[in-house]
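Structure record follows, encoded as structure tokens.
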Amino acid sequence: MAIVGRPNVGKSTLMNVLIGAKVSITSRKAQTTRHRITGIQTRDDAQFIYVDTPGFQTRHANALNKTLNKTVSNTLTASDVILFLVEAGTFGPADQQVLDMLPKNVPVILVINKSDRMKDKAELMPFAAKVAGLRDFTAIVPVSAKLRFQVDALEGEIRRHLPQNPPVFGPDDITDRSEKFLAAEIVREKVFRLLGDELPYTSTVLIEQFQQEGNLRRIFAAILVERDTHKSMIIGNKGARLKEISTQSRIDMEKLFGGPVYLEIWVKVKSGWADNEAGLRAYGYE
């Protein structure tokens, strides 16, 4: 199941709630998700495989965003069902652009997220009817991913479209991504959350060493930015901001990995990385 929508409609939050674990990072910064993230939820009688996609990007045409948009397109054609997320009360050109790219031969469920935020609940039905008129959706489900409202109802609709196949993953798997990948994503989430709009979009995280000694994980990470001024922003006054990024990252890693983590983070300037296709592949962008 592909989860798609414009940036910042809550795709990653919804997937984390559906699988019951945090495998896709979240922040208010648009384009937080940059990779195809698979989340897995195994029930007694079914296995749900969700794919969180980057928000389809129309504003910037650099190599990074072209790569992200290609990731979205490739995911759609391989899905049994598509969850098309919109924000309750809001449907603009960016939403329409995502809707236009959805394949006609794949069932699409319209998921109206953040429905709890609508001040006048009577407006929800007319809004749903307006969007429903744009395509033949297989179902329409208002939800609040953050509050878990109607998430079970959404899972019930998804279940109707599951193919009859043996399970693809083991019963305890929650993602197909490595711990090394997840560690990088956790650090990037903290960078985005603690700097917000201060830091330009073009920053990423590279795990330079990932060592496991018994239950202890030793992780050495580099935050890549494009300018010295960006480096100063992340480090902060007397290193305070970088320390906070490190502390919050370590706590989340220990929670996800189920053991102690020793974490060191550096900040490195690598100008032009987001517009270099060969460099993007080296940093894990497909």
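The values are calculated or read from the model by the stated rules, or taken from the named source; none is laboratory data. In this text, all values refer to a predicted model and were calculated from it rather than measured experimentally. Cβ placement follows ideal geometry from the backbone for every residue including glycine, while neighbour counts extend to all protein chains displayed. Keep in mind that these areas ignore ligands, DNA and RNA; they rest on the heavy atoms of the full protein, side chains included. Shrake-Rupley method; radii C 1.70, N 1.55, O 1.52, S 1.80 Å.
Some notes on this structure:
- Of everything listed in (1) over 30 Å from K114 (Cα atoms); (2) touching a Lys or Arg at 6+ places or on another chain (Cβ under 6 Å); (3) not β-branched (V, I, T), the single unmet condition for P171 is (2).
- Scanning segment 210-251 for residues that are among the polar types (S, T, N, Q) and either under 17 Å from K270 (Cβ atoms) or more than 24 Å from the chain's Cα centre (by Cα) (or both) gives Q211, Q212, N215, T229, S232, N237.
- Looking only at segment 129-171, and only at residues there that are closer than 24 Å to D45 by Cα and of a type in the set (F, W, Y), the one that is least open to solvent (accessible area, probe 1.4 Å): F169
- In a residue-by-residue description of segment 202-216, the property of being open to solvent by 20 Å² or more (accessible area, probe 1.4 Å), acidic (D, E), outside the structural domain of G20 (by the TED database) and in contact with a helix residue (DSSP H, G or I) (Cβ under 7 Å, 6 or more places away or on another chain) applies to no position.
- Some residue of segment 114-128 being without any contact (Cβ under 8 Å) to a residue 60 or more places away in the chain, surrounded by 20 or more Cβ atoms within 10 Å (Cβ to Cβ) and closer than 16 Å to V4 by Cα: no
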